[in-house]
Every structure is written in C-alpha cells, then in structure tokens.
Amino acid sequence: QVQLVESGGGLVQAGDSLRLSCAASRLGFSSYTMAWFRQAPGLEREFVAGVTWNGINTNYADSAKGRFTISRDNAKNTVYLQMNSLKPEDTATYYCAARAYGVSFSPNAMTFWGKGTLVTVSS
C-alpha cells in the first residue's frame, strides 16, 4: 500500500521558515508528479506547489511564489517544501499528494494523499 508521510510542521512566528518533508513508500517515486496542498479551517483545500516526475517543471500558487520552494530527491523518495517568510495566513494543514506522471496539479488529478502536517504561524 502506497504511503505518503508528511513531517516538519509546527508552531512558528511570522517571518520564520519551515521545511516540510513528504516521504513516499511503495511508490515508483521517480515516475510520480508530486504536489503540496493546504487546507485551513473552514476553507477548501488549495494547491500550494508542485513538481513534475522528472523535476523539470514546477508550479506555485500566487500566495507561494517568491517564498516557497518545492524540490524532490528521488534517491530518498522524498519531496520537500521550503517555506520562508511565513505569514499567519499560511496557517493550515499541509498535505502531500502524488500522481503518476502528468503535469496537472489539480487536486482531482492526484491519486495518493498523505494525512497532513499542521503548520501554525503566529503573528
């Protein structure tokens, strides 16, 4: 059974940085496009950042551009989300998701999901 396990969340202050990790198991990781989504209380899940299976293409939500960086290490079956200059509005549960190949980062296109890691940014 495929598993995606997120880690790295926590409570930080505005302006701080965090690096989230998502470790994949039982997955042909190098063949999977990976993405990060987030969901704040009372709001819908939204796309944050994605990277294609070959690592060539990345995409970011406008809210993440210039502050967040997605990367992947195929040797470690892990995708990362480096988050800098965090804001209180970044507070959410962050989810890792995967789909085989493809360039769409729509949540409906994702096949596998992790259980999430909570990021709380205080002002």
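The values are calculated or read from the model by the stated rules, or taken from the named source; none is laboratory data. Because the structure is a prediction, the values reported are computed rather than measured. We place every Cβ from the backbone using ideal geometry, glycine too, and count neighbours over all the protein chains shown. Quick note on the areas: whole protein, heavy atoms, side chains included, nothing else; ligands and nucleic acids left out. Shrake-Rupley method; radii C 1.70, N 1.55, O 1.52, S 1.80 Å.
Taking interchain pairs and intrachain pairs at least six residues apart, which have beta carbon atoms under 8 angstrom, with the first residue in the stretch 59-83 and over 18 Å from Ala98 (Cβ atoms) and touching a residue at least 60 places away in the same chain (Cβ under 8 Å) and the second surrounded by fewer than 20 Cβ atoms within 10 Å (Cβ to Cβ) and among the hydroxyl-bearing types (Ser, Thr, Tyr)?
Gln82/Ser17; Gln82/Thr69; Gln82/Ser71; Met83/Ser17
Among the residues of the stretch 10-32, write down those that are open to solvent by less than 40 Å² (accessible area, probe 1.4 Å), more than 11 Å from the chain's Cα centre (by Cα) and modelled with pLDDT of 95 or more.
Gly10, Val12, Leu18, Ala24
Only residues that are surrounded by fewer than 19 Cβ atoms within 10 Å (Cβ to Cβ) and of a type in the set (D, E, K, R): list them for the stretch 33-59, please.
Residues satisfying the conditions are Glu44, Arg45, Glu46.
Consider the stretch 96-123. How many of its residues are open to solvent by 40 Å² or more (accessible area, probe 1.4 Å) and in contact with an Asp or Glu (Cβ under 8 Å, 6 or more places away or on another chain)?
Final tally of qualifying residues: 1.
Go through the stretch 60-95 and give me each residue that's open to solvent by 10 Å² or more (accessible area, probe 1.4 Å), closer than 12 Å to Asp16 by Cα and in a loop (DSSP other than H, G, I, E, B).
Across the stretch 60-95, the qualifying residues are Arg67, Asn84, Ser85, Lys87.
Going residue by residue through the stretch 30-37, is there one that turns out to be among the β-branched types (Val, Ile, Thr) and without any contact (Cβ under 8 Å) to a residue 40 or more places away in the chain?
Taking the stretch 30-37 as the starting set, the residues that turn out to be among the β-branched types (Val, Ile, Thr) are 33.
Filter once more, keeping what is without any contact (Cβ under 8 Å) to a residue 40 or more places away in the chain: none.
Looking for residues that are among the β-branched types (Val, Ile, Thr) and without any contact (Cβ under 8 Å) to a residue 40 or more places away in the chain, one finds none in the stretch 30-37, hence no.
Output the number of residues of the stretch 99-123 satisfying the condition of being in a strand (DSSP E or B), closer than 16 Å to Ser7 by Cα and within 13 Å of the chain's Cα centre (by Cα).
Of the residues in the stretch 99-123, 4 are in a strand (DSSP E or B), closer than 16 Å to Ser7 by Cα and within 13 Å of the chain's Cα centre (by Cα).
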